[in-house]
Amino acid sequence: MARAATVHVCSECGACSAQWRGQCPGCGAWNTLVEEHAAPAARARGRSGAGGPVARRSQVRVLADVGGSPLQRMSTGTGELDRVLGGGLVPGSLVLLGGAPGIGKSTLTNMVLAHLEDAGRGTLYVSGEESVEQVRLRAERLAVDGGGAGALGVPVLAETELERVLEVLAERRPQACVIDSVQTLACAELGGAPGTVGQVREVAARLLRVAKEQGTAVILVGHVTKEGALAGPRVLEHMVDCVLQFEGERERPYRELRALKNRFGSTSEAALFEMREAGLVEVLDASARFVADATRSPGGVVLASMEGSRPLLVEVQALVAPSELEQPRRVVSGLHRNRLALVLAILARHGRVRTGGCDVFVNVVGGVRLEEPGADLAVALAVASAAHGRPLDGAPRACFGELGLTGELRWVGHPERRLQEARRHGLDGVIAPPGSGPGAAEAPTLRDALALALGSLQTGAEPPTDGLRGARRLAA
Ligand code: TYD
Ligand code: MG
């Protein structure tokens, strides 16, 4: 019986279909099915290997009888990366590191391997994108403080064929291996170009097996699409133990690393790095830098935020200007656009700060991305301060809190750590939700917070933004 030589695979969820369809039968996404070669043997193996345990005779066991030895983790040499990983790299784990081109994925992974190699652990760096000479050029720049040969001591294999990589892995049995990148390796048996859904899945499945069998920690470097999602099927994210996202703006030196998934730690941790001439450097006291740089001009507000378990002071800046457009601009960087829309609506409804006829720009300084609800109040105060053209009243201050739809200020996690961090950097009178504890200037509602931050303006009539809108209407 003849078998189809090709299948159609969804680039979102990895579901297979014999015929092409407009809509994926697996996840319902449109136009995501791509035709790929199906090598029956390899495909069957790939499926059994995908995320599955290593082939061996399995037994049923009661959890209490299972030895509870703690995970032995390897330090990567960077405290910040260790923290995001949950305390270090776990032997036999598969980590996916995603990020835009030029963000520093190769630099970071080179530095990690250099440290591990110096610490006497076997490593292997597989480069499918760069030649050995190019990798050496980078290594020459990196200052790795491991007491050994540093990045120049890392064994490098420039290879794009999966079978050869597996051979070398079986030969050398390193404790840590970096695949840079997973989209450049291809399994010859499977056919087809590297980077296709089937190839990426097969490569990851085979490497997963090696990781579990040999106890090698494997870091897969992955590209991201323009939208910021990891390129390749989502099954990749299900297969790996840990998904790390490396982000930041290429023009600025700050880089943020966060865990989107972590079987061995928390996903709320994030670390800040700075790209320097000699590689990536951890930014240990980011708050001090951001507070020192904060402008204290109208539109600038310091937010006491939490990056996972760590407090971080960052400046949120806003600009409100009359718009020439029918649909005024809403430009955000560092937080979700929808969150800004919500804050603007609450400001208009409960704070009498109307920005309907204005362009609104909001930026989190330093390229930091805020993922927590506690940022709402800072955005609201920054917009109000910008709309009024007035800086916040009183001594240098900070704020935090989530805004409810009825204009109330809601409690957010770790108020005491946020307050402590603000105090440590000389910011008093932190505007915070009720229940935040001693030392906070508690405001039950947005109106109270606006009164604390911008004082008498709130008791007066409509803020000037409405005047702008009126002027526009007259001009029209
Ligand atoms: P790279 O790690 O190659 O990025 P990726 O692998 O994510 O594509 O590094 C990208 C940029 O970082 C590159 O433009 C040069 C810069 N860089 C430094 O500024 N300092 C350094 O020490 C190194 C190695 C790179
Ligand atoms: Mg690279």
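Points worth noting:
- Test: residue in region 287-302 that is in a strand (DSSP E or B), over 29 Å from ARG141 (Cβ atoms) and aliphatic (A, V, I, L, M): yes
- Sole exception among (1) surrounded by fewer than 22 Cβ atoms within 10 Å (Cβ to Cβ); (2) within 13 Å of ligand 1 (Cβ to nearest atom); (3) charged (D, E, K, R) for GLU159, by number: (2)
- In region 111-127, residue nearest to ligand 1 (Cβ to nearest atom) [restricted to those that are free of Cβ contacts under 8 Å to residues at least 60 places away in the same chain and either under 23 Å from GLU167 (Cβ atoms) or under 23 Å from the mean Cα position of the chain (by Cα) (or both)]: SER127
- Pairing each residue of region 174-196 that is in contact (Cβ under 8 Å) with a residue 40 or more places away in the chain with any residue that is part of a helix (DSSP H, G or I) and of a type in the set (Ser, Thr, Tyr), provided the two are 6+ apart or on different chains, yields C-beta distances under 7 Å for VAL178/THR109; ASP180/SER106; ASP180/THR109; PRO194/THR184.
- For VAL168, the stated conditions do not hold, so it cannot be described as touching a residue at least 12 places away in the same chain (Cβ under 8 Å) and under 28 Å from the mean Cα position of the chain (by Cα).
Residue by residue, here is whether (1) in contact with a Lys or Arg (Cβ under 6 Å, 6 or more places away or on another chain); (2) closer than 21 Å to GLU256 by Cα; (3) part of a helix (DSSP H, G or I) holds:
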| position | (1), (2), (3) |
| --- | --- |
| ASP359 | yes, no, no |
| LEU370 | no, yes, no |
| GLY374 | no, yes, yes |
| ALA382 | no, no, yes |
| GLY394 | no, no, no |
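Every residue, every condition in (1) more than 16 Å from ligand 1 (Cβ to nearest atom); (2) under 25 Å from LEU33 (Cα atoms), yes or no:
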{"site": "GLU129", "(1), (2)": "no, no"}
{"site": "VAL132", "(1), (2)": "no, no"}
{"site": "GLU140", "(1), (2)": "no, no"}
{"site": "ALA151", "(1), (2)": "no, no"}
{"site": "LEU166", "(1), (2)": "yes, no"}
{"site": "GLU171", "(1), (2)": "yes, no"}
{"site": "LEU190", "(1), (2)": "yes, yes"}
{"site": "ALA193", "(1), (2)": "yes, yes"}
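Condition check ((1) at pLDDT below 95; (2) touching a Leu at 6+ places or on another chain (Cβ under 8 Å); (3) more than 15 Å from VAL316 (Cα to Cα)) across all residues:
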{"site": "ALA375", "(1), (2), (3)": "no, yes, no"}
{"site": "GLY407", "(1), (2), (3)": "no, yes, yes"}
{"site": "HIS425", "(1), (2), (3)": "yes, yes, yes"}
{"site": "GLY437", "(1), (2), (3)": "yes, yes, yes"}
{"site": "ALA440", "(1), (2), (3)": "yes, yes, yes"}
{"site": "PRO444", "(1), (2), (3)": "no, yes, yes"}
{"site": "GLY455", "(1), (2), (3)": "yes, no, yes"}
{"site": "LEU468", "(1), (2), (3)": "yes, no, yes"}
{"site": "ALA476", "(1), (2), (3)": "yes, no, yes"}
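- Hey, LEU157 away from ligand 2 (no atom under 16 Å from the Cβ) and touching a residue at least 24 places away in the same chain (Cβ under 8 Å) or not: no
- Selection of region 389-411 for residues being in contact with a Pro (Cβ under 7 Å, 6 or more places away or on another chain) and either charged (D, E, K, R) or crowded, with 23+ Cβ neighbours inside 10 Å (or both) yields ARG390, GLY401, GLU402, GLU408, LEU409, ARG410.
- Single residue of LEU257, LEU303 found to be within 14 Å of ligand 1 (Cβ to nearest atom) and either closer than 26 Å to ARG423 by Cα or crowded, with 23+ Cβ neighbours inside 10 Å (or both): LEU257
- When ARG209 is tested against (1) charged (D, E, K, R); (2) in contact with an Asp or Glu (Cβ under 9 Å, 6 or more places away or on another chain); (3) at pLDDT 90 or above, just one condition goes unmet, and that condition is (2).
- Candidates VAL360, VAL379, VAL383, filtered to the one that is closer than 15 Å to LEU409 by Cβ, β-branched (Val, Ile, Thr) and surrounded by 24 or more Cβ atoms within 10 Å (Cβ to Cβ): VAL379
- Subset of region 378-414 [among the β-branched types (Val, Ile, Thr) and within 18 Å of GLY455 (Cβ to Cβ)]: VAL383
- Condition met for VAL316 (out of contact with any helix residue (DSSP H, G or I) (no Cβ under 6 Å at 6 or more places or on another chain) and closer than 20 Å to ARG252 by Cα): no
- Looking only at residues of region 242-254 that are in a loop (DSSP other than H, G, I, E, B) and touching an Asp or Glu at 6+ places or on another chain (Cβ under 9 Å), we find that the one that is nearest to ligand 1 (Cβ to nearest atom) is PRO253.
- Selection count, region 118-144, where residues are within 13 Å of ligand 2 (Cβ to nearest atom) and assigned to a strand (DSSP E or B): 3
The values are calculated or read from the model by the stated rules, or taken from the named source; none is laboratory data. Just so you know, these numbers come straight off a predicted model, no measurement behind them. Don't worry about glycine lacking a Cβ; one is built from the backbone with ideal geometry, like all the others, and counts go over all protein chains shown.
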